[in-house]
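Everything on this sheet refers to the single structure shown next.
The values are calculated or read from the model by the stated rules, or taken from the named source; none is laboratory data. The shown structure was predicted, so the numbers you read here are calculated from the model rather than taken from an experiment. We place every Cβ from the backbone using ideal geometry, glycine too, and count neighbours over all the protein chains shown.
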Amino acid sequence: MKVVDAGYGHVTSEMDARLHQHPADHEFHYFVAGLGHFVHPGMPVEAGRGTLFYCKPGELHDVQPGRT
């Protein structure tokens with residue numbers, strides 16, 4: 001597997017929350033701060049500092065910010 005992008009950030013109300021997928025990419029989400037929910041696949045799970053999620057290619061997912 002080749003890493004093509006890496007980033008970090010906060011779960012905040014300014015995030016562009018939308019259900020989407022990456023047809024050919026694996027994706028890891030690690031949350032360093034903030035509170036919210038990670039929707040994967042179609043079911044919200046609490047997301048906050050120290051949580052990690054993995055999406056296979058083509059899996060729908062979304063980040064829904066909560067109160068910080």
Looking only at segment 9-22, count every residue that is at pLDDT 80 or above and not polar (S, T, N, Q) and tell me the total. 3
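Residues checked against (1) at pLDDT 85 or above; (2) of a type in the set (D, E, K, R); (3) part of a strand (DSSP E or B):
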site: 7; (1), (2), (3): no, no, no
site: 24; (1), (2), (3): yes, no, no
site: 37; (1), (2), (3): yes, no, yes
site: 46; (1), (2), (3): yes, yes, yes
site: 50; (1), (2), (3): yes, no, no
site: 53; (1), (2), (3): yes, no, yes
site: 57; (1), (2), (3): yes, no, no
site: 63; (1), (2), (3): no, no, yes
Note on segment 26-68: residues loosely packed, with under 15 Cβ neighbours inside 10 Å, among the aliphatic types (A, V, I, L, M) and free of Cβ contacts under 8 Å to residues at least 40 places away in the same chain are 32, 33, 43, 45, 52
